[in-house]
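The structure appears below as structure tokens.
The values are calculated or read from the model by the stated rules, or taken from the named source; none is laboratory data. As the structure is a prediction and not an experimental result, all values here were calculated from the model. Every residue, glycine as well, gets a Cβ built from its backbone with ideal geometry; the counts of neighbours run over all protein chains shown.
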Amino acid sequence: MKRPEFHLPDVPHWFKPHMGERRWPVSFVVGVVILLQYLLPNSLSLKIQPEICILELILTLVLFAMSPGRIASHRRSTWWTGVALTGVMTASNIASAVQLVQRLLDGTIKSPNNLLAFGGSIWLTNMVVFSLWYWEFDRGGPGARAEALDPYPDFLFPQMTDPKYAPQNWAPTYFDYLFTSYTNASAFSPTDVMPLTRWAKMLMLMQSATSLVTVGLVIARAVNILH
């Protein structure tokens, strides 16, 4: 009996190793978010918020020390440290978002300027946090993408659909995930980048819902105060 022949699918044009992206842009954005979290008033943050910000800063410095240049290979220790940092930032921002909703419902915040500033800070932090989740998990993380370990993407960028849309050495960097997170948070739905896997769809759903609630309540309360 003749054995059946199995044919592997053609390798996509974007699936190839590359030199990896630099660490410093991510570290810079994370540093800005840590500062925003630190500047939130006590009424919109946890009692241990200063300690949380110090922990986030330490994890950021550890990550930068582990890969100060390009993220050219997948290291589990580095990846898990990045996931831990994103998890701490997520928990802190969730607590702030819950506090913000409570203050909006009980009318504690009287100044529309403070309301917009604090709401914008929490919304911006939420956008960065979700961009980090996308960046850390898509095809196994930045190091795994640099080594081309997983040919199945979690997010489909326009450059992946046709080689004429990008140079041969194109690869998504953190800015691409930040832009994806921004458009999803502002439009409340995917725009040019499509989620392919269930976890990616679930994360984008959670981000859209969180942004919708935050923005809707902040704008409604600000209009009510002004009138």
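Using beta carbons and a limit of 9 Å, which pairs, at least six apart or on different chains, have the first residue in segment 55-74 and surrounded by fewer than 17 Cβ atoms within 10 Å (Cβ to Cβ) and the second one among the basic types (Lys, Arg) and not in a loop (DSSP other than H, G, I, E, B)?
Short answer, once both residue conditions are applied: 69/22; 70/22.
Hey, among the residues in segment 195-217 that are farther than 15 Å from residue 153 by Cα and polar (S, T, N, Q), which one's surrounded by the most Cβ atoms within 10 Å (Cβ to Cβ)?
207
For segment 75-90, which residues satisfy the criterion of being in contact (Cβ under 8 Å) with a residue 12 or more places away in the chain and not basic (Lys, Arg)?
If the condition is that a residue be in contact (Cβ under 8 Å) with a residue 12 or more places away in the chain and not basic (Lys, Arg), then 78, 79, 81, 82, 83, 84, 85, 86, 88, 89, 90 are the ones that fit.
Considering each residue of segment 200-227, count those that are within 19 Å of residue 117 (Cα to Cα), touching a helix residue (DSSP H, G or I) at 6+ places or on another chain (Cβ under 8 Å) and at pLDDT 80 or above, and give that number.
Result for segment 200-227: 4.
Within segment 37-48, work out how many residues are assigned to a helix (DSSP H, G or I), of a type outside the set (Gly, Ala, Ser) and surrounded by fewer than 19 Cβ atoms within 10 Å (Cβ to Cβ).
Matching residues across segment 37-48 total 3.
Considering only segment 92-117, how many residues are touching a Lys or Arg at 6+ places or on another chain (Cβ under 7 Å) and over 14 Å from residue 213 (Cα atoms)?
The number of residues fulfilling the criteria is 2.
Can you tell me which residues in segment 165-183 are closer than 18 Å to residue 25 by Cα and assigned to a loop (DSSP other than H, G, I, E, B)?
Selection gives 170, 171, 172, 173.
Answer yes or no as to whether residue 137 is of a type in the set (Phe, Trp, Tyr) and over 20 Å from residue 72 (Cβ atoms).
no
Quick check: is even one residue across segment 145-159 out of contact with any Lys or Arg (no Cβ under 7 Å at 6 or more places or on another chain), in contact (Cβ under 8 Å) with a residue 60 or more places away in the chain and small (Gly, Ala, Ser)?
For segment 145-159, residues out of contact with any Lys or Arg (no Cβ under 7 Å at 6 or more places or on another chain), in contact (Cβ under 8 Å) with a residue 60 or more places away in the chain and small (Gly, Ala, Ser): present.
Within segment 123-143, is even one residue over 18 Å from residue 204 (Cβ atoms), in contact with a Cys (Cβ under 9 Å, 6 or more places away or on another chain) and not basic (Lys, Arg)?
no
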